[in-house]
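Notes for the one structure printed next.
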Amino acid sequence: MGFDATPAARLRAAALIAVLLAGGGGYWLGAGHGTVQPATGAASPAGPASKALYYYDPMFPDQKFDKPGKSPFMDMQLLPKYADGGGAGGAAPGVTIDPSARQNLGIRTAPAKIGALAASIVVTGSIDFNQRDVANIQARSGGFVQRTYGRAPGDVIQAGAPIADIQLPEWGGAQTEFLSVKRLANPALTAAARQRLRLLGMSENVIAGVERTGRTGGTITVTSPIGGVIQTLDARAGVTLATGQTLAQVTGLGTVWLNAAVPEAQAGLVRVGQNATATLTAFPAETFAGRVIAILPTTAADSRTLTVRIELANRGGRLRPGMFASVSLGGDAKSALLIPSEAVIRTGTRAIVMLASRDGRYHPAEIRTGRASGGQTEILQGLSEGEQVVLSGQFLIDSEASLTGIAIRPLGASQ
């Protein structure tokens with residue numbers, strides 16, 4: 001049977017070896033297979049001038065032995081531990097891997113390099129009414145409601161839709177006075193009387209109608225100046241109205257707000273005027289484009305998020321308040337030191353990568369990460385441009401480095 005050297009086969013072999021190592025990696029390493037060996041800066045066993053400080057069982061690295069032999073805990077050979085800085089050439093601490101084993105494990109590396117990373121984040125949000133597009137419909141003069149048009153809160157109406165017919169006795173008296181003054185043919189008095197009608201809230205069309213027909217009318221049909229949804233409605237037949245009393249409140253639906261919850265830690269990536277795209281559960285195949293119009297000044301104490309307000313066009317009125325949305329906030333691409341995200345090992349308290357040295361050794365290094373996008377992660381500290389990071393098999397190497405006590409390179413110690 002021939003050896004299957006395809007990449008898929010090598011990846012399957014790597015996965016199998018990783019599973020075996022998770023349950024008994026130390027046993028496999030210490031049983032003499034010799035594919036992964038620690039190189040602690042001391043000479044390897046091939047260097048006769050070096051003397052082992054002690055011997056240890058990889059499964060129980062805290063137990064030290066003076067002589068080589070088999071472990072009393074497992075059926076495996078003890079491994080030697082050499083002094084740092086001794087041996088052949090004073091090589092740097094690290095883990096060495098036999099070239100054939102490296103091929104079978106499918107270990108891949110990539111350099112840290114300068115590249116452009118788009119400042120984009122994905123958050124959640126919900127649709128809300130545009131509170132800037134609101135019309136308050138009021139009684140301009142005292143009177144009473146004669147007729148309503150069967151409206152109710154929540155109804156969607158068009159611009160110019162009637163709300164109620166109102167009888168305004170004060171309007172009838174003022175119109176009679178205007179017609180009497182007009183007959184005097186005194187331009188100044190006529191202009192003053194016309195201005196009084198305007199101050200009572202009559203439109204130019206109403207005044208022109210009175211002047212043209214010579215008839216007074218104290219009844220007016222109040223209409224909505226905008227199309228939208230009725231939020232409140234206090235117009236009821238027979239109700240007496242005071243001057244300035246609100247009959248209804250209508251909120252427009254031409255545009256809506258999308259309130260996105262942005263984590264406090266990512267607030268610096270958002271600015272007013274920034275482009276945004278949204279996808280809604282109700283319309284999964286569509287994307288809605290908008291822009292950030294405001295970043296609210298308060299932070300939610302329970303979720304530690306800021307509310308970012310995005311304005312979206314609402315063609316056809318399909319976007320309804322309360323709908324859930326996934327929001328992508330895009331920004332200009334910025335230059336940064338990048339590595340593939342798959343190279344990062346997150347321990348819960350810090351992030352590390354496995355570095356591949358030119359001499360074939362591997363050792364861990366702590367890093368501080370920034371933004372992540374498109375499979376790339378920004379490195380803020382811990383790496384230099386050109387350093388090689390391990391993309392696959394790094395967990396195996398990290399386990400061996402931990403067992404043999406190889407120190408993690410701290411932040412600020414990059415090349």
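The values are calculated or read from the model by the stated rules, or taken from the named source; none is laboratory data. Just so it is clear, the model here is predicted, and its values are computed rather than measured. Note: ideal-geometry Cβ built from the backbone for every residue, glycine included; neighbour counts use all protein chains shown.
Only one entry in Ser384, Ser392 is more than 23 Å from the chain's Cα centre (by Cα), farther than 30 Å from Thr277 by Cβ, touching a residue at least 40 places away in the same chain (Cβ under 8 Å) and surrounded by 14 or more Cβ atoms within 10 Å (Cβ to Cβ), namely Ser392.
If I filter the range 301-315 for residues that are free of Cβ contacts under 8 Å to residues at least 40 places away in the same chain, of a type in the set (S, T, N, Q) and closer than 23 Å to Gln131 by Cβ, do I get at least one hit? No - not one qualifying residue is present in the range 301-315. Restricted to the range 172-266, the set of strands (runs of 3 or more DSSP E) holding at least 3 residues that are surrounded by 18 or more Cβ atoms within 10 Å (Cβ to Cβ) comprises 228-233, 246-252, 255-263. Where strands (runs of 3 or more DSSP E) fall entirely within the range 357-415, those with at least 1 residues that are basic (Lys, Arg) are at 361-373. Against the list (1) modelled with pLDDT under 90; (2) touching a strand residue (DSSP E or B) at 6+ places or on another chain (Cβ under 7 Å), the condition Arg309 fails is (1).
Identify, please: which residue in the range 258-272 is within 22 Å of Phe129 (Cβ to Cβ) and out of contact with any Leu (no Cβ under 8 Å at 6 or more places or on another chain) and is, among those, modelled with the highest pLDDT? For the range 258-272, the residue satisfying everything is Asn259. For the range 322-340, check the following and say yes or no: at least one residue is under 28 Å from the mean Cα position of the chain (by Cα), at positive phi and in the same structural domain as Asn259 (by TED's automatic domain parsing). Taking every residue of the range 322-340 in turn, at least one turns out to be under 28 Å from the mean Cα position of the chain (by Cα), at positive phi and in the same structural domain as Asn259 (by TED's automatic domain parsing).
Based on this model, can you work out whether Thr148 counts as touching a Leu at 6+ places or on another chain (Cβ under 9 Å) and either in contact (Cβ under 8 Å) with a residue 12 or more places away in the chain or surrounded by fewer than 19 Cβ atoms within 10 Å (Cβ to Cβ) (or both)? In short, yes. Looking only at the range 111-154, residues that are under 28 Å from Leu306 (Cα atoms), in a strand (DSSP E or B) and not hydroxyl-bearing (Ser, Thr, Tyr) come to 11 in all.
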